């Protein structure tokens with residue numbers, strides 16, 4: 001995350017905490033993109049035969065908006 005995105009993220013968090021519901025709509029995609037970037041980074045460091053536990057599958061599905 002670069003400095004501009006970090007500044008934007010901070011502004012959105014402040015706006016959301018001040019009651020701006022639309023700020024959450026703009027904030028969520030930024031947070032999701034950063035979490036995906038971090039997860040990708042960490043998964044590249046894992047063994048090639050590494051598997052997620054079964055509860056991990058449900059969490060991924062939930063984060064994608066799927067119901068199981």
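The values are calculated or read from the model by the stated rules, or taken from the named source; none is laboratory data. Note that the coordinates shown come from a computational prediction; the quantities given were computed from them, not determined experimentally. When we count neighbours, we look across all protein chains shown, and the Cβ atoms used for this are built from the backbone with ideal geometry, even at glycine.
Taken over segment 12-22, the criterion of being surrounded by 13 or more Cβ atoms within 10 Å (Cβ to Cβ) and without any contact (Cβ under 8 Å) to a residue 12 or more places away in the chain is satisfied by 15, 16, 20. Looking for something modelled with pLDDT under 75, assigned to a helix (DSSP H, G or I) and exposed (fewer than 11 other Cβ atoms within 10 Å of the Cβ) - is there at least one such residue anywhere in segment 36-55? Checking segment 36-55: at least one residue is modelled with pLDDT under 75, assigned to a helix (DSSP H, G or I) and exposed (fewer than 11 other Cβ atoms within 10 Å of the Cβ). On inspection, residue 59 qualifies as modelled with pLDDT under 85 and surrounded by 11 or more Cβ atoms within 10 Å (Cβ to Cβ).
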